[in-house]
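Peer 1: What follows is a single structure, and I will ask about it in a moment.
The values are calculated or read from the model by the stated rules, or taken from the named source; none is laboratory data. Since the structure is predicted, the reported quantities are computational estimates derived from the model, not experimental observations. Backbone-built Cβ (ideal geometry, glycine too); neighbour counts: all protein chains shown.
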Amino acid sequence: MKTTEINNRRYLGNKYRLLPFITQIVSEQCSGVRSVADIFAGTGAVASGFTAKRLVLNDILYSNYICHYAWFSPNEYSAAKVTELVSYYNTSSFAEANYMSDNFADTYFSDAACRQIGNIRADIEHRFDHQDINPRERALLITALLYAADKIANTCGHYDAYRRNSAPKARLTLAVPTPLPHLNAGNQCFNEDSNQVISHIEADLVYLDPPYNSRQYCDTFHVLENIARWQQPPVAGIARKMDRTELKSAYCTNKATAAFAKLVQSINAPYILMSYNNMSQKGNNRSNAKLNDTDILDILHDKGKVQVFTQSFKPFTAGKSALADHAERLFLCTCR
């Protein structure tokens, strides 16, 4: 049976390739770190570099939260049961029309793939409602479905649009997620706004990776969010988007600086480590950073001593343009 790992997913701003840089800075500059909180956790890629510690993960998107629960929850599950169900999903026809085929056929996915996705997602929820699978098994199966769907999606890595001149793949094939064993029993996963979750979590190091620009993640990954939530809302427009009002982030707007200042003031931890690139005014208006270096440094300096570490990094761009001298920076604040 084919397996999948946490990094086998396309995601804008994914820091998986920067893990050696991030873990090195923490190892060399931060002492006594036994717990790490990642409150804009995305795919959970950064947390995967700190599994020897107690982890706190948070993301406003449920599609990310459910994957965090699959990868990092200490709750038990039956690997045999998950594998058996993945095999069943891969060998069943699932030809019945459903919410996905009615709304997304021949857009991001083929009609046949939509029938698979919708029927598999409904079956997962049915089994969970009837207590045939536990919360961790449900999360692992939804994660397997999201990863498989993303792998064949007729996109360039996001869901703001689909490729109209390219035929989507006919079917999808699920792989079994393989979380690390013996995770810390104190690991926690949250699905909240970052500025709210910070009031009731504790960690030695709080890692911040807020959105950089005006591109809202709920817009970019709305299809996967829709599948994960499975509330089957109405969708509209060419991109087939549901209502995402409650999922919008202040960090993608002109409120970003105020939100960041309030967040940092609320953090109670010895260390704050923030990832933020040097995009500044290099891209188009939608790509330009919402937080500038002066504000970041002023806000962090109010909290403690700040060091900045830089590493060159090739960014993702939706077009063909190349950005010169692009770098990822780590702002390390040793709090008073």
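Peer 1: Give S87, S78, S93 a once-over and let me know the one that is surrounded by fewer than 20 Cβ atoms within 10 Å (Cβ to Cβ) and without any contact (Cβ under 8 Å) to a residue 12 or more places away in the chain. Let's see the steps before the verdict.
Peer 2: Details: S87 fails: without any contact (Cβ under 8 Å) to a residue 12 or more places away in the chain; S78 fails: without any contact (Cβ under 8 Å) to a residue 12 or more places away in the chain.
After ruling out the rest, the residue left standing is S93.
Okay, residues lined up against (1) modelled with pLDDT of 95 or more; (2) touching a Phe, Trp or Tyr at 6+ places or on another chain (Cβ under 9 Å):
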site	(1), (2)
L208	yes, yes
S214	no, no
I227	yes, no
W230	yes, yes
V235	yes, yes
I238	no, yes
R244	yes, no
Y251	no, yes
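Peer 1: Right, something else. Only residues that are closer than 22 Å to F21 by Cβ and at pLDDT 90 or above: list them for the range 278-312, please.
Peer 2: Across the range 278-312, the qualifying residues are L291, D293, I296, L297, L300, G304, K305, V306, Q307, V308, F309, T310.
Peer 1: Do we have any residue at all in the range 26-41 that's among the aromatic types (F, W, Y) and more than 12 Å from the chain's Cα centre (by Cα)? Lay out the reasoning, then the answer.
Peer 2: In the first step, residues of the range 26-41 are kept if they are among the aromatic types (F, W, Y); the result is 40.
From what's left, more than 12 Å from the chain's Cα centre (by Cα): none.
No.
Peer 1: Checking the conditions here, which among G118, G157 is within 21 Å of A175 (Cβ to Cβ) and outside any helix (DSSP H, G or I)?
Peer 2: Details: G118 fails: outside any helix (DSSP H, G or I).
Result of the check over G118, G157: G157.
Peer 1: Follow-up. Which numbered condition trips up A167, out of (1) over 21 Å from the mean Cα position of the chain (by Cα); (2) part of a loop (DSSP other than H, G, I, E, B); (3) crowded, with 17+ Cβ neighbours inside 10 Å; (4) hydrophobic (A, V, I, L, M, F, W, C)?
Peer 2: (3)
Peer 1: On to the next question. Quick check on my filter: what residues within the range 180-208 are assigned to a loop (DSSP other than H, G, I, E, B), of a type outside the set (V, I, T) and surrounded by fewer than 21 Cβ atoms within 10 Å (Cβ to Cβ)? Step through it out loud before you land on a result.
Peer 2: First pass over the range 180-208, keeping only residues assigned to a loop (DSSP other than H, G, I, E, B): 180-187, 191-193, 201-204.
Checking which are of a type outside the set (V, I, T) leaves us with 180-187, 191-193, 202-204.
Listed by number, the residues that qualify are L180, P181, H182, L183, N184, A185, G186, N191, E192, D193, E202, D204.
Peer 1: With the requirement that a residue be basic (K, R) and either assigned to a loop (DSSP other than H, G, I, E, B) or touching a Lys or Arg at 6+ places or on another chain (Cβ under 6 Å) (or both), what does the range 35-89 give you? I'd like the intermediate steps shown before the answer.
Peer 2: Step one: of the range 35-89, the residues basic (K, R) are 53-54, 81.
Hit for the range 35-89 is K53, nothing else.
Peer 1: Among the candidates S249, S266, single out the residue that is polar (S, T, N, Q) and crowded, with 20+ Cβ neighbours inside 10 Å. Let's see the steps before the verdict.
Peer 2: Numbers: S266 fails: crowded, with 20+ Cβ neighbours inside 10 Å.
Result of the check over S249, S266: S249.
Peer 1: Let me ask you something else. Which one of the conditions (1) crowded, with 18+ Cβ neighbours inside 10 Å; (2) under 29 Å from R121 (Cα atoms); (3) under 20 Å from the mean Cα position of the chain (by Cα); (4) of a type outside the set (K, R) does I22 fail to meet, given that it meets all the rest?
Peer 2: Result: I22 passes all but (2).
Peer 1: Suppose we keep only residues that are in contact (Cβ under 8 Å) with a residue 24 or more places away in the chain and small (G, A, S) within the range 151-191. Which one would you say is nearest to Y11 (Cα to Cα)?
Peer 2: Of all residues in the range 151-191, those in contact (Cβ under 8 Å) with a residue 24 or more places away in the chain come to 151-162, 167-180, 183-191.
Pick out the ones that are also small (G, A, S) and you get 153, 157, 161, 167, 170, 175, 185-186.
On the way: A153: 13, G157: 7, A161: 15, A167: 22, A170: 23, A175: 18, A185: 28, G186: 27 Å.
So the residue we want is G157.
Peer 1: List pairs: first residue in the range 231-252 and under 19 Å from A153 (Cα atoms), second residue of a type in the set (D, E) anywhere in the structure, Cβ distance under 6 angstrom, at least six positions apart or on different chains.
Peer 2: As it stands, the answer is none, since no pair meets every condition given.
Peer 1: Return the residues of the range 44-55 that are among the β-branched types (V, I, T) and buried (at least 24 other Cβ atoms within 10 Å of the Cβ); say none if nothing qualifies.
Peer 2: Here is the first cut: in the range 44-55, the residues among the β-branched types (V, I, T) are 46, 51.
The one that is among the β-branched types (V, I, T) and buried (at least 24 other Cβ atoms within 10 Å of the Cβ): V46.
Peer 1: Please tell me if R17 is more than 20 Å from L205 (Cα to Cα), in contact with a Phe, Trp or Tyr (Cβ under 9 Å, 6 or more places away or on another chain), crowded, with 19+ Cβ neighbours inside 10 Å and not aliphatic (A, V, I, L, M). Before you say what the answer is, go through the steps one by one.
Peer 2: Working: more than 20 Å from L205 (Cα to Cα): yes; in contact with a Phe, Trp or Tyr (Cβ under 9 Å, 6 or more places away or on another chain): yes; crowded, with 19+ Cβ neighbours inside 10 Å: no; not aliphatic (A, V, I, L, M): yes.
No, not satisfied.
Peer 1: Related question: Test N58 against the criterion of being of a type outside the set (K, R), in contact (Cβ under 8 Å) with a residue 24 or more places away in the chain, on the phi < 0 side of the Ramachandran plot and exposed (fewer than 15 other Cβ atoms within 10 Å of the Cβ), and give yes or no. Can you show your working first?
Peer 2: Values: of a type outside the set (K, R): yes; in contact (Cβ under 8 Å) with a residue 24 or more places away in the chain: yes; on the phi < 0 side of the Ramachandran plot: yes; exposed (fewer than 15 other Cβ atoms within 10 Å of the Cβ): no.
Answer is no for this residue.
Peer 1: Just for the range 216-234: of the residues that are part of a loop (DSSP other than H, G, I, E, B) and crowded, with 18+ Cβ neighbours inside 10 Å, which one is nearest to the chain's Cα centre (by Cα)?
Peer 2: Pass one, the range 216-234, residues part of a loop (DSSP other than H, G, I, E, B): 216, 221, 230-234.
Still in the running and crowded, with 18+ Cβ neighbours inside 10 Å: 216, 221.
Details: Q216: 13, F221: 9 Å.
By that ranking, first place goes to F221.
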